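Data block below; observations after.
The values are calculated or read from the model by the stated rules, or taken from the named source; none is laboratory data. Given the structure is predicted, the values throughout are model-derived calculations rather than measurements. Cβ coordinates were reconstructed from backbone atoms using ideal geometry, including for glycine residues, and neighbour counts include every protein chain displayed. Keep in mind that these areas ignore ligands, DNA and RNA; they rest on the heavy atoms of the full protein, side chains included. Shrake-Rupley method; radii C 1.70, N 1.55, O 1.52, S 1.80 Å.
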Amino acid sequence: MYAFETNHLTLSYGDTTIIDELNIEIPKGEITVFIGSNGCGKSTLLRSLARLLKPKQGAIILDGHEIAAFPTKEVAKRLAILPQGPVAPEGLTVHQLVKQGRYPHQSWLKQWSVEDEAAVANALEATGMSELAARPVDALSGGQRQRAWIAMTLAQKTEIILLDEPTTYLDMTHQIEILDLLFELNEREKRTIVMVLHDLNLACRYAHNLVALKEQKVYAQGRPEEIMSTKLVQDVFNMDCTITDDPLFGTPLCIPHGKGRRILNKVGVLNG
């Protein structure tokens, strides 16, 4: 069963085609990560899956039905998206921001409830933002701000979560914390998570399914251990590398070649 399928999907901005005749399947209940060089269409594809960008041609299938046929509120109940660089209104507190994730569940007959408040509290706790709930979003550091937006996304409590570079602005510790959080959501609740990541090693560590994009199409798709190779990195990123095993997780580990600093070992022999 697939969360998403695309049928001959073509996406463009004006006369510029970004994605051309794309056919992919995104497994339900797994973590899928889009990788590729800058400008290859990763973010554009993610936006189209959230119905934020209308296809020029083709269709996107959500849970077996064409996404264009769903009412907007129904789409918001099925999936949540965190785009790049979201901006909150000036003075909005973290708690107020996270509450916005519950708006798709509101109606004239169903106003704010204990369930809504619990969802907000759980999202704040899961992202480590409970103590900052009363603080204005625009007074937060970049990493704290990113976690606040992720908390809003979690509060929406959708089966599908789309995130465009969710580790942006985060230091190494918080990158791992956020990705661990998403991994645990997938493990515990079987939520489908689709992300754009630039770090190939983190992508390989956390993804069940990798989608490598190049020249408006899918270059390769599958399990990281099945598709990650020196040829893929060279073809997609134009970079020489060595692929080995992550010593902790056994997933592919990409070591880029380049003109880094080389050191002498204990007997004075140049390494590398």
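For the stretch 120-136: of the residues being small (G, A, S) and within 21 Å of the chain's Cα centre (by Cα), which is surrounded by the most Cβ atoms within 10 Å (Cβ to Cβ)?
Filtering the stretch 120-136 for residues that are small (G, A, S) and within 21 Å of the chain's Cα centre (by Cα), the one surrounded by the most Cβ atoms within 10 Å (Cβ to Cβ) comes out as A123.
May I ask you to list the residues in the stretch 149-193 that are buried (at least 16 other Cβ atoms within 10 Å of the Cβ), among the acidic types (D, E), under 22 Å from Y103 (Cβ atoms) and more than 13 Å from the chain's Cα centre (by Cα)?
The answer is E159, and nothing else.
Just the residues that are assigned to a loop (DSSP other than H, G, I, E, B) and either at pLDDT below 75 or in contact with a strand residue (DSSP E or B) (Cβ under 7 Å, 6 or more places away or on another chain) (or both), please, taken from the stretch 251-262.
Passing the criteria: H257, R262.
State the number of residues belonging to the stretch 69-104 that are on the phi > 0 side of the Ramachandran plot and at pLDDT 90 or above.
1
For the stretch 5-56, name all the residues that are at pLDDT 95 or above and among the aromatic types (F, W, Y).
Within the stretch 5-56, F34 is the sole residue that qualifies.
Quick one: what pairs do we get from the stretch 13-32, first residue over 12 Å from K56 (Cα atoms), second among the charged types (D, E, K, R) and loosely packed, with under 15 Cβ neighbours inside 10 Å, C-beta under 6 Å, 6+ apart or different chains?
Cβ pairs passing all conditions: G29/K190.
So L232 ticks every box in (1) surrounded by fewer than 21 Cβ atoms within 10 Å (Cβ to Cβ); (2) without any contact (Cβ under 8 Å) to a residue 24 or more places away in the chain but one. Which box is left unticked?
(1)
Run T242 past the list (1) surrounded by fewer than 19 Cβ atoms within 10 Å (Cβ to Cβ); (2) closer than 27 Å to N23 by Cα; (3) of a type outside the set (A, V, I, L, M); (4) in contact with a strand residue (DSSP E or B) (Cβ under 7 Å, 6 or more places away or on another chain) and report the number of the one that doesn't hold.
Among (1) surrounded by fewer than 19 Cβ atoms within 10 Å (Cβ to Cβ); (2) closer than 27 Å to N23 by Cα; (3) of a type outside the set (A, V, I, L, M); (4) in contact with a strand residue (DSSP E or B) (Cβ under 7 Å, 6 or more places away or on another chain), the lone unmet condition for T242 is (2).
Name every residue in the stretch 203-219 that is of a type in the set (A, V, I, L, M) and either in contact with a His (Cβ under 6 Å, 6 or more places away or on another chain) or open to solvent by less than 20 Å² (accessible area, probe 1.4 Å) (or both), in order of residue number.
Result: A203, A207, L210, V211, A212, L213.
Can you tell which of L213, L185, L232, L202 is out of contact with any Ser or Thr (no Cβ under 7 Å at 6 or more places or on another chain) and closer than 11 Å to F34 by Cα?
Going through L213, L185, L232, L202 in turn, the sole match is L213.
Any residue at all in the stretch 97-112 that is under 21 Å from the mean Cα position of the chain (by Cα) and aliphatic (A, V, I, L, M)?
Among the residues of the stretch 97-112, at least one is under 21 Å from the mean Cα position of the chain (by Cα) and aliphatic (A, V, I, L, M), which makes the answer yes.
Within the set of pairs 6+ apart or on separate chains, which have a first residue in the stretch 166-191 that is modelled with pLDDT of 90 or more, a second that is among the β-branched types (V, I, T) and assigned to a helix (DSSP H, G or I), and C-beta atoms under 9 Å apart?
Every condition considered, the pairs that remain are P166/I150; P166/T153; P166/I178; L182/I150.
Among the residues of the stretch 30-61, which ones are hydroxyl-bearing (S, T, Y) and under 13 Å from T6 (Cα atoms)?
The one that is hydroxyl-bearing (S, T, Y) and under 13 Å from T6 (Cα atoms): S48.
Counting only residues that are surrounded by 14 or more Cβ atoms within 10 Å (Cβ to Cβ), within 18 Å of the chain's Cα centre (by Cα) and not aliphatic (A, V, I, L, M), give me the strands (runs of 3 or more DSSP E) lying completely in the stretch 1-88 with at least 3 of them.
Strands (runs of 3 or more DSSP E) meeting the threshold: 2-13.
In the stretch 91-102, is there at least one residue being small (G, A, S) and in a helix (DSSP H, G or I)?
Pass one, the stretch 91-102, residues small (G, A, S): 91, 101.
Remaining after also requiring in a helix (DSSP H, G or I): 101.
Among the residues of the stretch 91-102, at least one is small (G, A, S) and in a helix (DSSP H, G or I), which makes the answer yes.
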